[in-house]
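For reference, the structure is listed below as structure tokens.
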């Protein structure tokens, strides 16, 4: 199986990711969509793969509707109470068959957190992934690594996916098959 990390925060880590076992690793352009003008700027950009962050679930849904020509990695963690937002999950699930869009589950916040914050991230992400699996929304596990120490091998990423409540096959698909379909 080929593994792909679709969102490295540091382009200099591509070579190291290949050494760890990824067949492809590349950075994505990151857009913060917190207003309508930011959404227009995203729509008019010429970036191929875009990681989208926003403080509103409604703006992220509009982004999915309006940016059909880009590979969208939707980061739900910046939306308040994202793990309870069925509307956002349904919008990605309905757009996924015809459009290259998936949720991006970043490992970096988990790796940099400690104690109670880490438990909260694991709990909320597990709940969110249960909703994604139930409603059929695609998701990918990405490192968003900015240093060599935050970069994990595909086996470690799959193990972290099982920590979120995924079985081995689902975690492997989030690192292998789903990123391959998107790119």
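Details
- Scanning region 153-161 turns up no residue that is without any contact (Cβ under 8 Å) to a residue 12 or more places away in the chain and crowded, with 18+ Cβ neighbours inside 10 Å.
- For the criterion of being surrounded by 14 or more Cβ atoms within 10 Å (Cβ to Cβ), farther than 17 Å from residue 51 by Cβ and either at pLDDT 95 or above or in contact with a strand residue (DSSP E or B) (Cβ under 6 Å, 6 or more places away or on another chain) (or both), residue 105 fails.
- Wholly within region 11-115, helices (runs of 4 or more DSSP H) carrying at least 2 residues that are more than 23 Å from residue 158 (Cα to Cα) and in contact (Cβ under 8 Å) with a residue 40 or more places away in the chain: 86-95
- Residue in region 36-46 that is under 17 Å from the mean Cα position of the chain (by Cα) and either over 21 Å from residue 128 (Cβ atoms) or at pLDDT 95 or above (or both) present: no
- Boolean, residue 121 is more than 17 Å from residue 60 (Cβ to Cβ), at pLDDT below 95 and either within 13 Å of the chain's Cα centre (by Cα) or not in a loop (DSSP other than H, G, I, E, B) (or both): no
- Being exposed (fewer than 15 other Cβ atoms within 10 Å of the Cβ), out of contact with any helix residue (DSSP H, G or I) (no Cβ under 8 Å at 6 or more places or on another chain) and under 30 Å from residue 11 (Cβ atoms) is a condition met by at least one residue of region 109-125.
The values are calculated or read from the model by the stated rules, or taken from the named source; none is laboratory data. Please read these numbers as outputs of a predicted model, since none were measured by experiment. Here Cβ is always computed from backbone atoms with ideal geometry, including for glycine, and neighbour counts include all displayed protein chains.
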